[in-house]
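One structure is given here, and the rest of the page talks about it.
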Amino acid sequence: QVQLVESGGGLVQARDSLRLSCAASGRTFSSYAMGWFRQAPGKEREFVAAISWSGSIYYADSVKGRFTISRDNAKNTVYLQMNSLKPEDTAVYYCAASKTTMTSRQERFDYWGQGTQVTVSS
């Protein structure tokens, strides 16, 4: 069992930066692929970024070049550095853990956090 707690969300202006953190419980964190997803009001939850246990990374096209995912296995934490934020990045951001090697598919993530709100004003 893995418990995930996100933090770092808030209200920022367009072009600002924000870093989200996701702290995980459990001693097997390093073996999980980790991902970030987001859900905007009235929209379905969508993939943002994922990182495998070995550090392979995959981004959604909408955030490529602006967002950076990273992990610190010693701290059981995964991060999402978000730069050049846009109003369309406004959403609840969720952290998730997958037992697979690497995936961007929501149904393959086994554990989810409660989410943290990111609001970007224009």
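Can you pull out the residues in the range 26-78 that are charged (D, E, K, R), assigned to a strand (DSSP E or B), open to solvent by 30 Å² or more (accessible area, probe 1.4 Å) and closer than 17 Å to Val5 by Cα? Steps first, answer last, please.
Of the residues in the range 26-78, the ones charged (D, E, K, R) are 27, 38, 43-46, 61, 64, 66, 71-72, 75.
Retained after the next criterion (residues that are assigned to a strand (DSSP E or B)): 38, 46, 71-72.
After this cut, where a residue has to be open to solvent by 30 Å² or more (accessible area, probe 1.4 Å) as well, the list is 46, 71-72.
The answer is Arg71, Asp72.
Scanning for something under 23 Å from Ser84 (Cα atoms) and among the basic types (Lys, Arg), does the range 59-68 turn up at least one residue? So that I can check it myself, show each step before the final result.
First pass over the range 59-68, keeping only residues under 23 Å from Ser84 (Cα atoms): 59-68.
Now restrict to residues that are among the basic types (Lys, Arg): 64, 66.
Yes - at least one qualifying residue is present in the range 59-68.
Of the residues that sit in the range 86-104 and are surrounded by fewer than 16 Cβ atoms within 10 Å (Cβ to Cβ) and modelled with pLDDT under 95, which one is nearest to Cys22 (Cα to Cα)? Even if it seems obvious, please write down each step before you answer.
First, the residues of the range 86-104 that are surrounded by fewer than 16 Cβ atoms within 10 Å (Cβ to Cβ): 86-88, 99-101.
Applying the additional criterion that residues be modelled with pLDDT under 95 yields 99-101.
On the way: Lys99: 17, Thr100: 18, Thr101: 19 Å.
So the residue we want is Lys99.
Looking only at the range 1-25, filter to residues that are assigned to a loop (DSSP other than H, G, I, E, B) and of a type in the set (A, V, I, L, M); which one of those is farthest from Pro87 (Cα to Cα)? It would help to see each step written out before you state the result.
Residues of the range 1-25 assigned to a loop (DSSP other than H, G, I, E, B): 1-3, 8-9, 14-17, 25.
Still in the running and of a type in the set (A, V, I, L, M): 2, 14.
Working: Val2: 32, Ala14: 6 Å.
Per the criteria, the residue is Val2.
What tally of residues in the range 15-25 results from selecting those that are open to solvent by 20 Å² or more (accessible area, probe 1.4 Å) and at pLDDT 95 or above? So that I can check it myself, show each step before the final result.
Filtering the range 15-25 for residues open to solvent by 20 Å² or more (accessible area, probe 1.4 Å) gives 15-19, 21, 23, 25.
Next cut, at pLDDT 95 or above only: 15-19, 21, 23.
Selection size over the range 15-25: 7.
Return the pairs, sorted by first residue and then second, in which the second residue is open to solvent by 60 Å² or more (accessible area, probe 1.4 Å) and among the aliphatic types (A, V, I, L, M), the first residue lies in the range 57-69 and is in contact (Cβ under 8 Å) with a residue 24 or more places away in the chain, the beta carbons are less than 8 Å apart, and the residues are 6+ apart or on different chains.
Cβ pairs passing all conditions: Tyr58/Met102; Ile69/Ile57.
The values are calculated or read from the model by the stated rules, or taken from the named source; none is laboratory data. This is a predicted model, so every value here is computed, not measured. Cβ coordinates were reconstructed from backbone atoms using ideal geometry, including for glycine residues, and neighbour counts include every protein chain displayed. Keep in mind that these areas ignore ligands, DNA and RNA; they rest on the heavy atoms of the full protein, side chains included. Shrake-Rupley method; radii C 1.70, N 1.55, O 1.52, S 1.80 Å.
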